[in-house]
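Trainee: Can you keep this structure in mind? I'll have questions shortly.
FYI, it's all coordinate maths here, none of it is from the lab. As the structure is a prediction and not an experimental result, all values here were calculated from the model. So basically every Cβ, Gly included, is an ideal-geometry build from the backbone, and we count neighbours across all protein chains shown.
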Amino acid sequence: MSAQLKPNLSLRPMQMDDLDAIMQIEPTIYSHPWTRGNFSDSLNSGYSAWVLEENQTIIGYALMMMVMDEAHLLNLSIAKPRQKQGLGRYLLEHMLQIAKNHKATNMFLEVRPSNISAITLYENMGFCEMATRRSYYPACHTQSGREDAVLMGLAL
């Protein structure tokens, strides 16, 4: 990410009031987006949820569930026009630090095998493929059935 962008970026905990903006981004980047209910349930459950803002406009967000000494990254998203600019890495680095602050020893996540750019990011950050979860995701709109998930993990 270029140095000139950093002064305009901020990270803060996600609030219910952020869901309108998030629901504008989510369906533009996923074939099966999270619902408003998924986000509100996550917030009500106390999951670690963060928004990335640029000049007070939400351009990304991430949610993570902490269970004992494990962190499970549930959603990491950057608005389509802002992808491939290092912002996903910036947000992931923040979530890794949050997990470490909560004394997590491992972080896990699932990703579609078709999401090559996300897999590349996770591998570049040290995540390793651990297993395949069969028929985990609904298939993309152009396919019927279900798509597997790649389970990835990182020792913290």
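Trainee: Of Arg112, Arg134, Arg89, how do they rank once you tally other Cβ atoms within 10 Å and put the fewest first?
Mentor: Fewest to most other Cβ atoms nearby, the residues stand as Arg134, Arg89, Arg112.
Trainee: Can you compute the helix-only [θ] at 222 nm over the chain? Use -39500 (n - 2.57) per DSSP H run of at least 4 residues, normalise by all residues, nearest 500 deg cm²/dmol.
Mentor: On the way: 4 runs with 44 residues, N = 156.
My calculation for the chain gives -8500 deg cm²/dmol from helical runs alone.
Trainee: OK, next. What number comes out for the charge environment of Ile29, summing +1 per Lys or Arg and -1 per Asp or Glu over other residues with Cβ under 11 Å away?
Mentor: So the surrounding residues net to +1.
Trainee: In Å and whole numbers, how far do the C-alpha atoms of the chain stretch along each principal axis, longest first?
Mentor: 41, 36, 33
Trainee: Any idea what the dipole of the range 6-155 comes to, in debye rounded to 20, about its Cα centre with Lys/Arg Cβ at +1 and Asp/Glu Cβ at -1?
Mentor: The dipole magnitude comes to about 240 debye.
Trainee: Suppose R0 equals 25 Å; then what is the FRET efficiency for Leu11 and Ser31 from their Cβ-Cβ distance, rounded to the nearest 0.05?
Mentor: Calculated value: 0.40.
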